[in-house]
Amino acid sequence: MTEAFDIVVVGGGINGAGIARDAAGRGLSVLLCEKNDLANATSSASTKLIHGGLRYLEYYEFRLVREALIEREVLLRSAPHIIWPLRFVLPHNKGLRPAWLIRLGLFLYDHLGGRKLLPGSKGVDLRSHEAGAPLVPELKKGFIYSDCWVQDSRLVTLNALDAHEHGAEVLTRVECVSARRQDGGWQVVLRDLHDGSTREVQARALVNAAGPWTAEFIEQRAGLNKAQSLRLVKGSHIVVRKMFEHDYPYIFQNPDGRIVFAIPYEQDFTLVGTTDVDFDGDPAAVAISEEETAYLCEAVNAYFREKVSPADVAWAYSGVRPLYDDEAENASSATRDYVLELDHGPGRAPLLSVFGGKITTFRKLSEHALVKLAEALGPLGEPWTATAPLPGGNIADADFDGYLARFRKERPWLPADLAWRYVRNYGTRAETIVAGARALSDLGEDFGDGLYAAEMTYLRKHEWARTADDILWRRSKMGLHVSDQTRQKLETWLARQDGGSPRQESA
């Protein structure tokens, strides 16, 4: 007999994983399929911020900003291992936005979301503050405000893991080949891209969270009429050597009206982004252009004493944002709000398609998705995710430093930097990785650069990691730190686990 689910979710980015988690936690039977790895596309290519979106106030997106600001603290409580506060420095450039306008914007930013955990904004004298030291001497005044950092691809994985632990079936590298309405439900054909096998399942409802492929899914996989307009916008980032020693990130104004961030990244680097460029190519083949690289270098060079050039770029990444097309004049001003389109009616099983959205509001988007589905399926249980920690996030009082100190004290044999990385990535689940170990040698094969088999085994067993890129670039950013020799050892080990040659990389 064909397996039957309440909901099949197509797309393993943050929205698909969030919806699957919320639905599974309400007792629904859920299947989530992703044609590549989790967070393979847009959701691992963000600026990695949980933020209200200060610049969206200029476009009067007050509802979006308020919702995002409220969510900022909800998410900080739910995942203090992968989300943490930052204090951003906004240098005042006299030739751009006036100081009064910035102060007004920051006043709204401080108060729209009912801030409780994070400190408010303030003015700062850059001539005496440590954040002013790396900046050009013309910048004398600035502002400091709060937002949060997130390990974006880990956020996706933890949502998928929580969905799985609530009973959802999570399939990676499995493509939805077709979906057709039949007998009051959906008949869905899935294909495993590793071995080519196919599988048919039934669903009461279908959720299209395919990101940049949302419109293509509606028209080509589901065989329905033309989808709502989707505006694809490319955002690119560069990573350069560390440009300053302190922990304050910067937000810089540009003459074109955009803003660019410069953020401490992975201890040894600075992350610079993002661009906003309309995109009409294949989202799977997106890459930064020379023009974007030059733009980002010029943007930070206008503010920093020390200059960077394209030759200084250690790594770059790009993603395609699937924005709802509100016909804004330029990509930068296109709305980041989300639209949920429900297609159903007599004899038409429900199809919910997700347009737009930002990583900060994924949990509210998921709740709203369940509200929409309830219009077609009937009551689906009560919301529950606002107070539920994500896997590893059950740290008392969200006190990361306190938990890390206890973790290290109980394992004096574990190097401090490795203990920090384990707890920062996995929270309380780090205890699973080191369970039973009494010495570093108990963590199994040493691949070099702080990678041990115990962590790799955990990632394979619990987090759907299959390739070196899954591990080095999405479950972590160790790809910036490890040598070619370490990577080769890891690939050889992974091939042994799979009983053959290394799997084809997906990124």
Self-check item: With DNA, RNA and ligands ignored, accessible area of residue 164 (1.4 Å probe; Å², nearest 10)
Solution: 90 Å²
Quiz item: Can you give the accessible area of residue 441, probe radius 1.4 Å, in Å² rounded to 10?
Solution: 90 Å²
Quiz item: Tell me, what is the FRET efficiency for residue 314 and residue 484 to the nearest 0.05, using R0 = 22 angstrom and their Cβ-Cβ distance as r?
Solution: 0.90
Quiz prompt | Phi-based couplings in Hz for region 184-201 (Karplus 6.51, -1.76, 1.60; Gly and Pro marked x) | solution = x, x, 10, 9, 10, 9, 10, 10, 6, 7, 8, 10, x, 6, 10, 8, 10, 9
Exercise. Determine, from the Cβ-Cβ distance of residue 4 and residue 387 and an R0 of 30 Å, the FRET efficiency 1/(1 + (r/R0)^6), rounded to the nearest 0.05.
Key: 0.45
Quiz item: Can you give the extra length, in nm with one decimal, that the chain gains between residue 282 and residue 96 once fully stretched, where that is 0.36 nm per residue apart less the Cα-Cα distance?
Solution: 63.4 nm
Quiz item: So in the chain, what percent of DSSP beta bridges are antiparallel if you round to the nearest 5?
Solution: 80 percent
Self-check item: Calculated FRET efficiency for the pair residue 302/residue 178, C-beta based, R₀ 51 Å, to 0.05
Solution: 0.50
Quiz item: Which pairs break 20 Å Cα to Cα here: 122/358; 48/234; 48/364?
Solution: 122/358
Practice problem: Give the residue from 294, 381, 220 lying farthest towards the positive end of the charge dipole for the chain; charges sit on Cβ (+1 for Lys and Arg, -1 for Asp and Glu) and the dipole is referred to the Cα centre. | Solution: 381
Quiz item: Among (i) 30.9, 140; (ii) 26.4, 86; (iii) 22.8, 72, which is the computed Rg and Dmax of the Cα atoms in Å?
Solution: (iii)
Quiz item: In whole angstrom, how far apart do the alpha carbon centroids of region 372-416 and region 433-477 sit?
Solution: 21 Å
Quiz item: Tell me, in nm to one decimal, what length is gained between residue 136 and residue 449 on full extension, where the rule is 0.36 nm per residue of separation less the Cα-Cα distance?
Solution: 109.1 nm
Quiz prompt | Size of electric dipole in the chain: Cβ of Lys, Arg +1 and of Asp, Glu -1, about Cα centre, debye, nearest 20 | solution = 1060 debye
Self-check item: residue 399 accessible area, assembled protein chains, probe 1.4 Å, Å²
Solution: 70 Å²
Practice problem: Along Cα→Cβ, 7 Å out, is where each label goes; now give me the distance between the ones at residue 437 and residue 129 in nm to one decimal. | Solution: 4.0 nm
Self-check item: Taking region 79-216 and dividing mean pair separation by its residue count, relative contact order in percent (alpha carbons under 8 Å, at least six apart)
Solution: 20 percent
Self-check item: Solvent-accessible area, 1.4 Å probe, carbon plus sulfur percent, for the chain
Solution: 49 percent
Quiz item: Taking 0.36 nm per intervening residue step and subtracting the Cα-Cα distance, what contour gain separates residue 189 from residue 496 on full extension?
Solution: 107.4 nm
Quiz item: Where the centre of each part is set by its Cα atoms, how far does region 250-276 sit from region 145-210, in angstrom?
Solution: 32 Å
Quiz prompt | Accessible area in square angstrom per residue, the chain, 1.4 angstrom probe | solution = 41 Å²
Quiz item: Between exposed trypsin sites (Lys or Arg not before Pro) in the chain, where DSSP calls loop and at most 10 other Cβ atoms lie within 10 Å, what's the longest gap?
Solution: 227-437
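The values are calculated or read from the model by the stated rules, or taken from the named source; none is laboratory data. Worth saying up front: this structure is predicted, and the values here are computed from it rather than measured. Neighbour counts are summed over all protein chains in view; Cβ atoms, including those assigned to glycine, are modelled from backbone coordinates with ideal geometry. The area values use the complete protein model at the heavy-atom level, side chains included, leaving out ligands, DNA and RNA. Shrake-Rupley method; radii C 1.70, N 1.55, O 1.52, S 1.80 Å.
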